[in-house]
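Derivation of every value follows stated rules applied to the coordinates shown; laboratory data play no part. Being a predicted model, the structure only gives us computed values, none of them experimental. Positions of Cβ are backbone-derived with ideal geometry, glycine not excepted, and every protein chain shown enters the neighbour counts.
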Amino acid sequence: MMQNARALDERLRKIIREVSDSTGQEIKRDLTEELARVIHENRMRQTRDFLESFKQALKKI
């Protein structure tokens, strides 16, 4: 009986560890994707702002 409880406990701990590792990987992936999206949006905004400023400068020439 005690041996079965230990085996069950060991199996449950292994499952919890695997789920935790998997969830951690998913969170890292999601955060990385979100960071890439934010960086891309920021870069696009900076490029658009630069081109708008360049356009205004050309109009003054």
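Taken along the Cα-to-beta-carbon direction at a fixed 7 Å, the label points for residue 19 and residue 45 span 3.9 nm. With the alpha-carbon atoms of the chain aligned to their principal axes, the span from lowest to highest coordinate is 90, 7, 5 Å, starting with the largest.
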